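Asks: Take this structure, written in structure tokens, and hold onto it; I'll ask about it next.
Derivation of every value follows stated rules applied to the coordinates shown; laboratory data play no part. As the structure is a computational prediction, the values presented were derived from the model and not from experiment. Because the Cβ atoms are built from the backbone with ideal geometry, glycine has one as well, and the counts that use them run over all protein chains shown.
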């Protein structure tokens, strides 16, 4: 763990704001943010909260209350600098509502930098509320000390995503039909160490059909792994798969 993160006070309340941050700046809040600060957190004039925007690190800010429904934030000193941008794409078959919310939150905690819903032949939930996904990503970042907000893509068909796949990005394919084994060792053994970016693909709970699986296994960029002998729900598989990749070639090493 980074020394700065290890020493960080995670008891501090945090708020994401989409505004430039610098010492001495005054930042207006939205009606919803003001309500959260003044009526949910019950912060009073002059009290502090940590703020971040995904670009300029994290800052201590003082609340400037204007009644019970309006507030500004006076930006003070920087608490943490912005870390280098990560590059871990997570592709997944959409889930329904609460389980999708959970999966997005856990993917953010596990270091995903881009979230890409993919529609395969057995995908059951094909309508995706990307604004809700982004709201859940922001909430997870606020709660867990994450400073980068992942990009959220519009849904794409799996065949389209694979046809346009960049040659310089490895794709870790969580294959339900793969022989169970040590997935961390499997990723490390297949990794070429050429500085390629990485992505993870988890399919729908019905799995990929044989045609999709053949296409994936034929791609030079694909590394197929098993997530063990048990059947995992798709939201659980997200945590397991991202943990494998972070342990094998990511920032857990």
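Asks: Sort 237-247, 123-133 by packing, meaning the average of other beta carbons within 10 Å per residue, with the highest value first. Write down the numbers at each step before the final one.
Replies: On the way: 237-247: 20.6, 123-133: 14.0.
Final packing ranking: 237-247, 123-133.
Asks: A further question follows. May I have the pair-distance distribution P(r) for segment 66-108, computed from all Cα-Cα distances with 10 Å bins from 0 and rounded to whole percent?
Replies: 18, 24, 23, 31, 4
Asks: Quick check: the angle from helix 234-249's long axis to the longest principal axis of the chain, C-alpha only, nearest 10 degrees?
Replies: It works out to around 90 degrees.
Asks: Taking only C-alpha pairs under 8 Å that are 6+ residues apart, what is the relative contact order of segment 41-175 in percent?
Replies: 20 percent
Asks: Taking the 0 to 90 degree range and rounding to the nearest ten, how far is the long axis of helix 130-144 tilted relative to the main principal axis of the chain, both from C-alpha atoms?
Replies: Relative to the chain, helix 130-144 is tipped by roughly 70 degrees.
Asks: State, to one decimal in nm, how far the label point of residue 196 lies from the label point of residue 121, with both points 7 Å from Cα in the Cβ direction.
Replies: Once both label points are built, they end up 2.5 nm from each other.
Asks: Taking the structure as given and computing percent of Cα pairs over 27 Å apart, which label from (1) 32; (2) 54; (3) 43 fits?
Replies: Entry (3).
Asks: Write down the Kirkwood hydrodynamic radius of segment 197-253, to one decimal in angstroms, obtained as one divided by the mean of 1/r over all alpha carbon pairs. Numbers along the way, then the final one.
Replies: Working: mean 1/r = 0.0799 Å⁻¹.
In segment 197-253 this quantity evaluates to 12.5 Å.
Asks: Could you tell me what % of all Cα pairs in segment 3-80 have separations over 22 Å? Before the final figure, lay out each step's value.
Replies: On the way: 544 of 3003 pairs.
So the portion of pairs separated by more than 22 Å is 18 percent.
Asks: Relative to the present Cα-Cα distance, how much length would full extension add between residue 85 and residue 231 at 0.36 nm per residue of separation? Don't jump to the answer; show the numbers that get you there.
Replies: Numbers: separation 146, 0.36 × 146 = 52.56 nm, distance 3.31 nm.
Additional length available on full extension: 49.3 nm.
Asks: When a footprinting reagent is the concern and you count Cβ atoms within 10 Å, what order do 9, 175, 87 take, fewest first?
Replies: Ordered by Cβ neighbours within 10 Å, fewest first: 9, 87, 175.
Asks: Helix 97-109: angle to the longest alpha-carbon principal axis of the chain, degrees 0 to 90, nearest 10?
Replies: 80 degrees
Asks: Continuing with the same structure: Going by C-beta contacts inside 10 Å, put 38, 232 in order with the fewest on the left.
Replies: 232, 38
Asks: Give the calculated FRET efficiency between residue 156 and residue 40 to the nearest 0.05, with a Förster radius of 45 Å applied to their Cβ-Cβ distance.
Replies: Efficiency, rounded to the nearest 0.05: 0.80.
Asks: How high is the relative contact order of the chain, given as a whole-number percent (alpha carbon pairs under 8 Å, six or more residues apart)?
Replies: Relative contact order here is 18 percent.
Asks: Could you give the alpha-carbon Rg of segment 131-242 over 2.2 N^0.38 Å, rounded to two decimals?
Replies: In units of the globular-protein estimate, segment 131-242 measures up at 1.15.
Asks: For each of 16, 90, count neighbouring Cβ atoms within 10 Å of the residue's Cβ, then give the residues from fewest to most.
Replies: By the 10 Å Cβ count, ascending: 16, 90.
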